[in-house]
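Please read the structure below before turning to the comments.
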Amino acid sequence: MSKRVLVSGGAGYIGSHVTVELIQAGYEVLVADDMSNCDLTCFEGVKKITGREDIPFVKMSFCDEAATEKLFSDWKIDAVIHFAAFKAVGESVEDPLKYYGNNLNSFVNVIGAARRHGCRNILFSSSATVYGEPDKQPVTEQTPRKPSTSPYGNTKQICEDILRDCVAAYPEIRGIALRYFNPIGAHPSALIGELPRGVPNNLVPYITQTAAGRRECLNIFGNDYPTPDGTCLRDFIDIVDLARAHVCAVARMLDDKMEKEYEIFNVGTGRPLSVMELVNAFQKVNNLKLNYKIVPRRAGDIIAIWADPTLANEKLGWKATRTTEETLAAAWAWEKHLMGKN
Ligand code: UFG
């Protein structure tokens, strides 16, 4: 019997890609999502890619303790990957209670229900945002976390701590936190990808929407940073590569391969790329000219961060494999797919 993985927030950008990879690796997946920040586009895409019309889907909020409890008693769940969370940094500064309320309560409910229903394995979707502006590059899992500059970032730190403390206190559960760097791109089928509501905050959706003519001009936030070309440096990780890291982490838990009850892994390429390099690579690989201009720095941006992914390479047997060109071609193919639908 294949093991069943609950993917909370499974209709969203990362959750839908992870669902595909889990199914293709032979797991049963149960998708649950409150649909507060997405529609069914990606879930429908997941069904097409996998050829599975029967993927169970439950519309629910994990802030609803009774609904969470019911989900875990209705299904036998072997592992849960918790994505369900709000993720807009700026909005979290304006409305912190929305973020603390949703992101913390939902995770507390998931851990509580998992414990009570014999689901040992909990994977938390964390972020490189926990490192803040690092003193040394690349960052390893031992690099100290810095005080968070946004309530969103703070919820990632607090959820990591909740998981660490629960694993220490309750022997019936164990956990992994994956710290993502900058996930970008889309599935090569162009059937699932990022679907930002309103004006995108993140770089790649803004680029693809500008290329599509939905935005007039890409603003590049600052070219006077102390970096080789003056723009910020990031570790852009392909979404399919990122999704595969989850499959490796789930297998590590389900196959009893964990060395400690709580483990943390960076999920990045280990290669820094500047914002300008990314913009140029997008233009080149897709053979188009992007309308962009340099504008002042964006408040709160860190200058540079990239991963040391050695631990994930060695312990998870995972490595980023897709090239920036493949990733940016996929991002553009997805945007064109959306244009065709409108
Ligand atoms: N950028 C632009 N123009 C844009 C959007 C972004 O120049 O229109 C630049 C940013 O200034 C930054 C880089 O592109 O230098 C990447 O920006 P993103 O918004 O795509 O990503 P961030 O690195 O800011 O965000 C990431 C994660 C968040 C996390 C945040 C913490 O996506 O989840 O780091 O700082 F909270």
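The values are calculated or read from the model by the stated rules, or taken from the named source; none is laboratory data. Owing to the predicted nature of the structure, the values given are computational and were not obtained by experimental measurement. Cβ: placed from backbone, ideal geometry, glycine included. Neighbour counts: every protein chain shown. The accessibility values were calculated without ligands, DNA or RNA, using every heavy atom of the protein model including side chains. Shrake-Rupley method; radii C 1.70, N 1.55, O 1.52, S 1.80 Å.
Take the Cα of residue 311, step 7 Å toward its Cβ, do the same at residue 164, and the gap between the two points is 1.0 nm. Remark: the stretch 329-334, residue by residue, has Karplus-estimated 3J(HN,Hα) of 5, 5, 4, 6, 4, 5 Hz, where x stands for each Gly or Pro and the curve is 6.51 cos²θ - 1.76 cosθ + 1.60 at θ = phi - 60°.
Report the paramagnetic label zone for residue 260: residues of the stretch 151-183 whose backbone N is under 15 Å from a point 7 Å from Cα along the Cα-to-Cβ axis. Once the point is set 7 Å along Cα→Cβ of residue 260, 160-169, 174-179 turn out to lie under 15 Å by backbone N, inside the stretch 151-183.
Note that the stretch 125-187 presents 39 Å² accessible area per residue, ligands and nucleic acids not counted, probe 1.4 Å. Remark: spin-label model distance residue 142-residue 295 equals 4.2 nm, labels positioned 7 Å along the Cα→Cβ axis. Annotation: peptides 211-221, 17-27, 68-78, ranked by per-residue average of other Cβ atoms within 10 Å with the highest first, follow the order 17-27, 68-78, 211-221.
With the simple model of a label 7 Å out from the Cα in the direction of the Cβ, residue 224 to residue 319 spans 4.2 nm.
Seen from every direction in turn and averaged, the convex hull around the alpha carbons of the stretch 1-95 projects onto 6.5 nm². Counted over all Cα-Cα pairs of the stretch 63-105, pairs farther apart than 13 Å make up 63 percent.
Over all directions, the projected convex hull of the C-alpha atoms in the chain averages 16.2 nm² in area.
Taking the convex hull of the alpha carbon atoms in the stretch 196-306, what volume per residue do you get, in Å³?
Values: hull volume 16.5 nm³, N = 111.
Convex hull volume per residue, Cα atoms: 149 Å³.
Residue 292 contributes an accessible area of around 80 Å² to the protein surface, as traced by a 1.4 Å probe with all chains present. Taking amide H positions as placed in the peptide plane 1.01 Å from N, state which residues far from residue 176 in sequence (5 or more) or on other chains have amide H under 5 Å from it. So residue 176 has HN proximity to 122, 123, 124, 263. Our summary gives the stretch 201-342 a relative contact order of 37 percent, counting only alpha carbon pairs under 8 angstrom and 6 or more residues apart. Each Lys and Arg adds +1 at its Cβ and each Asp and Glu adds -1 at its Cβ; summed about the Cα centre, the stretch 186-291 shows a dipole of about 440 debye.
Taking the Cα centre of the stretch 20-112 as origin and charging only Cβ (+1 Lys, Arg; -1 Asp, Glu), how large is the dipole, in debye to the nearest 20?
Roughly 160 debye for the stretch 20-112.
Close amide H partners of residue 86, meaning residues 5 or more places away or on another chain with modelled amide H under 5 Å apart, are 103. For the stretch 267-342, what is the Kirkwood estimate of the hydrodynamic radius, computed as the reciprocal of the mean inverse distance between distinct Cα atoms, to one decimal in Å? Evaluated over the stretch 267-342, this radius sits at 15.0 Å.
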